[in-house]
Each structure stands twice: as structure tokens, then as C-alpha cells.
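The values are calculated or read from the model by the stated rules, or taken from the named source; none is laboratory data. Model, not experiment: these values are computed from the prediction. Because the Cβ atoms are built from the backbone with ideal geometry, glycine has one as well, and the counts that use them run over all protein chains shown. These area figures cover heavy atoms from the full protein model, side chains too; ligands, DNA and RNA do not enter into them. Shrake-Rupley method; radii C 1.70, N 1.55, O 1.52, S 1.80 Å.
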Amino acid sequence: MRYRIEQITEGEEEVIVHYRTLTPEVRQILDFLGQGQTRLMGWKDETKVIVKPEQILYVESVDGKTFAYTKGAVVRLEYQLSQLEQLLWERHFFRCSKSMIVNIDKVESLKSLPSNRIDAVMCNGEHIIISRTYASEFRKRLKGGRDNGET
């Protein structure tokens with residue numbers, strides 16, 4: 001693996017990770033980078049706000065925009081769903097459908113549905129359906145197993 005370090009004198013600091021497959025080595029780098037990520041920037045109405053990952057119940061992508069749902073607010077985030085999936089993996093977030101990531105720590109109950117789907121009831125009473133594509137991996141994750149984060 002090659003890497004390049006470049007000091008800048010102005011502008012925002014940035015780390016870019018290019019990878020072909022999400023190997024354990026790349027996952028370790030992403031995990032390390034994500035440790036300092038305790039707040040996410042977004043918009044609520046016309047106001048820029050900060051959201052802590054532990055406040056988020058789930059994240060949904062709608063028409064190319066990403067929204068975080070908390071108990072009391074909906075915040076449009078400045079991230080793509082795939083970026084959030086990687087950033088929040090170690091914080092117990094899980095891709096539960098093509099357009100949604102759920103905070104496992106905010107799930108209160110689960111019910112198996114036909115076609116191998118799962119109905120997850122969140123702490124605010126909302127029902128999130130975990131699609132059959134992700135259901136078996138979700139069950140493994142709940143039992144303490146983990147995959148390498150690839151979708």
C-alpha cells in the first residue's frame with residue numbers, strides 16, 4: 001500500500017482513502033480515522049447544526065439527500081450514506097436497506113417477518129424494516145459477529 005503525506009499552509013485538512021476492496025488493513029485505517037469523529041455537521045431548517053452519532057436513531061437517503069433522524073429532529077447531513085456507513089460502523093450502526101442505516105443501540109425490539117425480513121422497533125416507537133438482503137448479517141452482528149463492513 002502506498003501513502004502520501006502533504007503539509008498544507010491554508011485550507012481545510014483532509015484525509016482521502018482510495019481502496020479497491022475493504023480489506024482488514026483498510027478497515028483498521030478507517031476505524032482509526034473514525035475515532036476522532038464525534039460530531040456530524042448538518043442542516044435543520046436554515047440553521048447549521050451538530051449531531052452526535054449517539055443521538056441518531058437512523059439515517060436515510062431520499063432523492064440523493066441524506067437525513068439523520070433523532071428523537072426530536074430531522075437533520076440533513078452533509079455526507080453520503082456510504083460515507084456514514086463507514087464512519088459509524090464502530091458506533092453500532094448497520095446498513096439495513098439500500099437507503100437506510102440504523103443505530104443498533106436504539107432498537108428496542110425485533111420481530112421476524114415473512115420473506116426473511118425483520119421489523120425493528122426503535123426507542124421512539126418507529127418501525128424500521130430490515131430488508132432480507134441485510135437480515136442475516138444483522139442477526140450475526142447482534143450475536144457479536146461482524147463482517148468486514150462491505151455491502
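Quick notes on this structure:
- Rounded to the nearest 500, the 222 nm mean residue ellipticity of the chain from helices alone is -6000 deg cm²/dmol, with -39,500 (n - 2.57) taken per DSSP H run of at least 4 residues.
- For the pair the range 101-134 / the range 1-24, the C-alpha centres are spaced 35 Å from each other.
- To put it simply, the accessible area of the chain at a 1.4 Å probe is 46 percent carbon and sulfur.
- Dipole check for the chain: with +1 at the C-beta of Lys and Arg, -1 at the C-beta of Asp and Glu, and the Cα centre as origin, the magnitude is about 700 Debye.
- Spatially proximal aspartates and glutamates relative to Lys98 (Cα-Cα < 18 Å; intrachain offsets below 8 disregarded): Glu60, Asp63, Glu85, Asp119, Glu137, Asp147, Glu150
- For the range 28-112: rounded, prolate or oblate by the Cα gyration tensor [a/c cutoff 1.5]: rounded
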